[in-house]
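Engineer: Okay, here's the structure, questions in a sec.
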Amino acid sequence: MYTKDEIVKEAKALGSMIAETEQVDFFKKAEAKIHENKDVREKMASLKSLQKQAVNFQNYGKERAYQMTEEKIKKVEAELDEMPIVNQFKESQGQVNELLQMVSHAISQTVTNEVITSTGGDILEGETGAAMRNMPNRKQD
């Protein structure tokens, strides 16, 4: 049996391993390029300002001003999306997220399979031994 503390310790070690992957390295480089790029920084600042304005307009019921601001937001977002550096950053985010999803799925699947196996269940059926023993029309061992 493992304690929660031991599992958290191993999870932190796994997190450190993930932080040293190609995917995370690519992400860090792409993020640095984003922050170094004056045009991107200016567009991001403009976007944040417009988003704040939109929230204020919406809160005060100024629908026309809100709609106009939303159009400006879409324009700035489209300009950002056209920039190769932004696409590279988004791609790197996707790769890191994909890796984290894979790890999460592998952990979840392993726990499920271990529970099924340790209770004498059937992995192909996805049933634990307890569930199989209590099903009607099942042959008992």
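Throughout, read-outs are computed from the coordinates displayed, never taken from laboratory work. Given the structure is predicted, the values throughout are model-derived calculations rather than measurements. In this analysis, Cβ positions are derived from the backbone assuming ideal geometry, glycine residues included, and neighbour counts consider all displayed protein chains.
Engineer: Do you know the relative contact order of the chain, to the nearest whole percent, from alpha carbon pairs under 8 angstrom that are 6+ apart? If you can, show how the numbers build up before the last one.
Structural biologist: Values: 79 pairs, mean separation 25.8, N = 141.
Normalised by residue count, the contact order of the chain is 18 percent.
Engineer: What's the percent breakdown of Cα-Cα distances in the stretch 37-82 across 10 Å bins, shortest bin first?
Structural biologist: 30, 49, 19, 3
Engineer: What size of dipole, in debye to the nearest 20, comes out for the stretch 71-137 about its Cα centre when the only charges are +1 on Lys and Arg C-beta atoms and -1 on Asp and Glu C-beta atoms?
Structural biologist: Rounded to the nearest 20 debye, it is 160 debye.
Engineer: With the cut-off at 23 Å, tell me which of the pairs 62/90; 12/90; 43/90 have Cα atoms farther apart than that.
Structural biologist: Among 62/90; 12/90; 43/90, the Cα-Cα distance tops 23 Å for 62/90; 12/90.
Engineer: Now, a different point. Treat each spin label as a single point 7 Å out from the Cα along the C-beta direction, and report the residue 51 to residue 7 distance in nm.
Structural biologist: Those two pseudo-labels are separated by 3.4 nm.
Engineer: Continuing with the same structure: Place a +1 charge on the Cβ of each Lys and Arg in the chain and a -1 charge on the Cβ of each Asp and Glu, then give the dipole magnitude about the Cα centre in debye, rounded to the nearest 20.
Structural biologist: Once rounded to the nearest 20, the dipole reads 660 debye.
Engineer: Next question, about the same structure. Once both axes come from the Cα atoms, what is the angle between helix 38-59 and the longest principal axis of the chain, in degrees from 0 to 90, rounded to 10?
Structural biologist: It works out to around 90 degrees.
Engineer: Round to the nearest 10 and give me the degree value, 0 to 90, for the angle of helix 84-118's Cα axis relative to the longest principal axis of the chain.
Structural biologist: With both axes taken from Cα atoms, the answer is about 20 degrees.
Engineer: Does the stretch 16-141 come out rounded, prolate or oblate, given a ≥ b ≥ c as the square roots of the eigenvalues of its C-alpha gyration tensor, rounded meaning a/c under 1.5 and, failing that, prolate meaning a/b above b/c?
Structural biologist: oblate
Engineer: Under a cut-off of 19 Å between alpha-carbon atoms, report the aspartates and glutamates in cross-link reach of residue 4, not counting same-chain residues fewer than 8 places apart.
Structural biologist: 114
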